[in-house]
Amino acid sequence: MRKKIYPRDELTELLEARRCDVPVLRVVFTNGCFDLLHVGHLRYLWAARGLGDTLVVATNDDASLTRLKGPERPILKLQERLELLAGLACVDYVTWFDEDTPIPLLQALKPEVLVKGGNYTIEGVVGRREAESWGAQVLTIAPTEAQSSTHLIEKVLAACGASGAI
């Protein structure tokens, strides 16, 4: 499998070089926690991939995810989440960020498209103003079904509580 996981600086250089080779390269960027990858993520990422030539997926590092979701998270450590995302055929590159928002990463990569799931409004997409400042398109993709990692975790915990085992 070709290398897909890159730290911010290396990915920034790689995309700059690709843009020199392919001047009309349309880079699509999305981000999320991806803590327990599920079919909703898969369908969303395939739809995002269809919006351009290259799909970059960024995930929060462990400390950032804990600040966002609470002390019991993440369920899967950063390296596991990166490897799972990199294993998807629709994903071209995977990276991570340690800030509370992906804005510094977005500013480094300057994608042509910023996309989030349909549970966001365009106005609520973090990084929208920054992306629009360099002419990027900001889009949302309607969810195919109501599913979330948090919902799956709650379902598993409820099943454990009811029977004592999974």
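The values are calculated or read from the model by the stated rules, or taken from the named source; none is laboratory data. As the structure is a computational prediction, the values presented were derived from the model and not from experiment. Glycine gets a Cβ as well: all are built from the backbone with ideal geometry, and neighbour counts include every protein chain shown.
Here are some notes:
- Single residue of the stretch 43-90 satisfying the filter (part of a helix (DSSP H, G or I) and in contact with a helix residue (DSSP H, G or I) (Cβ under 6 Å, 6 or more places away or on another chain)) that is farthest from Val126 (Cα to Cα): Leu78
- Subset of the stretch 21-65 that is of a type outside the set (A, V, I, L, M, F, W, C) and in contact with a Cys (Cβ under 6 Å, 6 or more places away or on another chain) - its residue that is nearest to Val91 (Cα to Cα): Arg49
- Residue selected from the stretch 117-139 under the condition in contact with a helix residue (DSSP H, G or I) (Cβ under 9 Å, 6 or more places away or on another chain) and at pLDDT below 95, by the criterion farthest from Val24 (Cα to Cα): Gly118
- Qualifying residue in the stretch 97-109 (condition: at pLDDT below 95, among the aromatic types (Phe, Trp, Tyr) and buried (at least 16 other Cβ atoms within 10 Å of the Cβ)): no
- Any hit, the stretch 84-96, residues being modelled with pLDDT of 95 or more and surrounded by fewer than 14 Cβ atoms within 10 Å (Cβ to Cβ): yes
- Identity of the residue in the stretch 18-42, closer than 21 Å to Val125 by Cβ and touching an Asp or Glu at 6+ places or on another chain (Cβ under 8 Å), that ends up surrounded by the most Cβ atoms within 10 Å (Cβ to Cβ): Val28
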